[in-house]
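*Asks:* Below you'll find the structure I mean.
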C-alpha cells in the first residue's frame, strides 16, 4: 500500500493532515469530521470496513479503529466476547473489542507520538494494513459464531488455519 507523498518536516502537527493525504491518494471515500477526526471506508476481503482516525493533541496520540460490518445480536454477545478474548491473545498490535453503540466488532490501536515529531506515512499505512489483515482473517470467525452456531473455540480454530492460494 505504499504511497509517495511530499516529505514532511518533523513537527507536532495534526497527523490527520497526513492521513487525509494518504486516504485521498488511495481514492478511499472519506469525511473529515473536524480538526480531530477523519472517517474513511476501505474494501476488505469480506466487505467494507469503516476506519476512524481520531487525534488527541493533549496526549499526542492518534487513535485508530476499524469497524467490521457485522452486527452482533444480543443472544450471541457472550460467545462473541469469548471469541474476542481468544483473538486478542494472538495479536501483536492492537486489539478487538465490541462497540457498545453499534454492537459491532472493531479493531483498535493507538499510535503514541509524543517526542516523535509527528506520524510517518509508513506508520499510518501500517495501522491500516494490520487492521485490514486482522479483520479479514477473523471476519469468518464472527460469522461462524453469530450465524453458524459454532463455539468461540471452534471458530478460532478455523480462523487460525493458514490457506495457500485461492480456489
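*Asks:* What does the helix-only formula give at 222 nm for the chain: each DSSP H stretch with n ≥ 4 adding -39500 (n - 2.57), the total divided by the residues, and the result rounded to the nearest 500 deg cm²/dmol?
*Replies:* -11500 deg cm²/dmol
*Asks:* So for 139, 49, fewest C-beta neighbours within 10 Å to most, what's the order?
*Replies:* Ordered by Cβ neighbours within 10 Å, fewest first: 139, 49.
*Asks:* Taking a ≥ b ≥ c as the square roots of the eigenvalues of the Cα gyration tensor of the stretch 48-112, is the shape rounded (a/c under 1.5), prolate (a/b larger than b/c) or oblate?
*Replies:* prolate
*Asks:* Within a 10 angstrom radius of the beta carbon, how do 58, 20 rank from fewest other beta carbons to most? Provide the component values of the computation, followed by the final result.
*Replies:* Numbers: 58 5, 20 16.
By the 10 Å Cβ count, ascending, the order reads 58, 20.
*Asks:* Could I ask something else about it? Is the shape of the stretch 14-83 best called rounded, prolate or oblate, per the rule: a/c under 1.5 gives rounded, else a/b larger than b/c gives prolate, else oblate, with a ≥ b ≥ c the square roots of the Cα gyration tensor eigenvalues?
*Replies:* Working: a/c = 3.11, a/b = 1.61, b/c = 1.93.
Since a/c reaches 1.5 but b/c is at least a/b, the shape of the stretch 14-83 is classed as oblate.
*Asks:* Neighbour counts of other C-beta atoms within 10 Å: give me 16, 91 arranged from fewest to most.
*Replies:* By the 10 Å Cβ count, ascending, the order reads 91, 16.
*Asks:* With angles folded into 0 to 90 degrees, how steeply does helix 77-89 sit against the dominant principal axis of the chain? Use alpha carbons for both and round to 10.
*Replies:* Tilt relative to the chain: about 60 degrees.
*Asks:* Taking Rh as the Kirkwood radius computed over C-alpha pairs, what is the Stokes-Einstein D of the chain at 10 °C in a medium of viscosity 1.306 mPa s, expressed in µm² per second?
*Replies:* 94 µm²/s
No lab work stands behind these numbers, since they all come straight from the coordinates. Note that the coordinates shown come from a computational prediction; the quantities given were computed from them, not determined experimentally. Cβ coordinates were reconstructed from backbone atoms using ideal geometry, including for glycine residues, and neighbour counts include every protein chain displayed.
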